[in-house]
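Q: Provided herewith is a single structure, encoded as structure tokens, for subsequent inquiry.
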Amino acid sequence: MFARILRQNREIKEKFYSLISEKENNQKRIFLEKFDKNLFLKILKPFANIWYTYELKSKKKKGDNGETDVSFFLWMLLSRKAVIVNDVVLEIAKGEFIQIDHLIFHKKGIFVIETKNWNGALICDKDIWRLKVGNTWHEVSSPSKQNQRHAKLLLKWFENNLSERLYKKVKDYVFPVVVFPRSNWIKVKNCSMPVFKGKLSLLLYIISQKNKVFEEQELTYIAAKVVSAKPFD
């Protein structure tokens, strides 16, 4: 029990989060500019600024809580030979980043986990997701499509940063999944990857894979490559 947790190099994260902050500030500026159109809206602008900032922080905190919950559960119950890296940032090409909630390096595969801390009922059909708000279904951004991209670009990163021998071993054993630790009802049809309601079903999926693929030293090596990844100059 108690998997190993590794933390990633701060340099690449600082570059990534700087870009995210710049993007968020631009979006906020565009939103607030709408309040300059007339005098009444201009009076409300300071309140809109406070509301926008609060909503942004609230969404981030909610997402962070879900990721911490999943990470702690897996750390508690996976073998010591497994390695967990949370909040992984990789620069695939100059200026092209991916951010992965959790990477699990396990003897049975490398698991790319997208955690969504959404409440309520969800439906997925062919990677199109809908969330029930009140009595109405609303289409939301697709976590499975997002994680498809993560897995594809992670493999590209592995190809560029691992030996040919190790990459050939890795490429068929990267498994993207989506987990909802808080949703109370999910119906999934024709999704491109497994979807789990709750942490226990995710854990059972990981340990139920049939083949032992990686030796412990291989997992340690690959995980070390990820945590020491540097940004492009």
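Q: Would you pull out the residues with amide H under 5 Å of Phe196's amide H, same chain only if 5 or more places away, H placed 1.01 Å from N?
A: Val178, Val179, Phe180
Q: What do you get for the angle between helix 10-33 and the principal long axis of the chain? Use alpha-carbon atoms, 0 to 90 degrees, nearest ten.
A: That works out to roughly 20 degrees.
Q: Would you calculate a helix-derived [θ] at 222 nm for the chain, using -39,500 (n - 2.57) for each DSSP H run of n ≥ 4 and dividing by the full residue count, to the nearest 500?
A: -16000 deg cm²/dmol
Q: Tilt of helix 216-227 relative to the longest C-alpha principal axis of the chain, in degrees (0 to 90, nearest 10)?
A: Computed tilt is about 30 degrees.
Q: Order the peptides 187-199, 29-41, 114-126, 132-144 from the highest to the lowest mean number of other Cβ atoms within 10 Å of their residues.
A: Answer by packing, highest mean first, reads 114-126, 187-199, 132-144, 29-41.
Q: Sort 85-92, 201-208 for me by packing, meaning the mean count of neighbouring Cβ atoms within 10 Å per residue, highest on top.
A: Most protected by this proxy first, the peptides run 85-92, 201-208.
Q: I'd like the FRET efficiency for Glu96 and Leu166, computed as 1/(1 + (r/R0)^6) with the beta carbon distance as r and R0 of 25 Å, rounded to 0.05.
A: 0.60
Q: Pulled fully out, how much extra length does the chain show between Arg29 and Lys132, if you take 0.36 nm times their separation in residues and subtract their Cα-Cα distance?
A: Gain in length upon complete extension: 34.1 nm.
Q: Roughly how many whole Å is it from the C-alpha centroid of segment 83-97 to that of segment 126-140?
A: If we compute the Cα centre of each part, the gap is 29 Å.
Q: Taking amide H positions as placed 1.01 Å from N in the peptide plane, with prolines and chain starts having none, which residues 5 or more places from Ala82, or on another chain, fall under 5 Å of its amide H?
A: Arg4
Q: Along segment 155-166, what does the Karplus equation 6.51 cos²θ - 1.76 cosθ + 1.60 (θ = phi - 60°) give for ³J(HN,Hα), rounded to whole Hz, x for Gly and Pro?
A: With coefficients 6.51, -1.76 and 1.60, one gets 4, 4, 5, 4, 4, 7, 10, 10, 5, 4, 4, 6 Hz.
Q: Follow-up question, since we're still on this one. Could you give each residue of segment 74-90 its phi-based ³J(HN,Hα) in whole Hz, using Karplus coefficients 6.51, -1.76, 1.60 with θ = phi - 60°, and x for Gly or Pro?
A: My calculation for segment 74-90 gives 5, 4, 5, 10, 7, 5, 4, 6, 7, 10, 10, 10, 9, 6, 8, 10, 10 Hz in order.
Q: Suppose all protein chains stay in the model; what accessible area per residue would a 1.4 Å probe give for the chain, in Å²?
A: Here the per-residue accessible area is 58 Å².
Q: To the nearest 20 debye, what charge dipole does segment 1-127 have about its Cα centre, counting +1 at the Cβ of each Lys and Arg and -1 at the Cβ of each Asp and Glu?
A: The calculated dipole for segment 1-127 is roughly 220 debye.
Q: Hey, can you grab everything whose amide H is under 5 Å from the amide H of Phe97? Only 5+ residues off in sequence or another chain; H modelled, so Pro and N-termini drop out.
A: Excluding prolines and chain starts, which carry no amide H, the hits are Ile92.
Q: Want the number for Asn184 to Tyr205: 0.36 nm per residue separation, take away the alpha-carbon distance, what's left?
A: 5.6 nm
Q: Of the heavy-atom accessible surface of segment 117-216 (probe 1.4 angstrom), what whole percent is carbon and sulfur?
A: Its accessible area is 47 percent carbon and sulfur atoms.
The values are calculated or read from the model by the stated rules, or taken from the named source; none is laboratory data. None of the values given here were measured: they were computed from a predicted structure. Cβ coordinates were reconstructed from backbone atoms using ideal geometry, including for glycine residues, and neighbour counts include every protein chain displayed. These area figures cover heavy atoms from the full protein model, side chains too; ligands, DNA and RNA do not enter into them. Shrake-Rupley method; radii C 1.70, N 1.55, O 1.52, S 1.80 Å.
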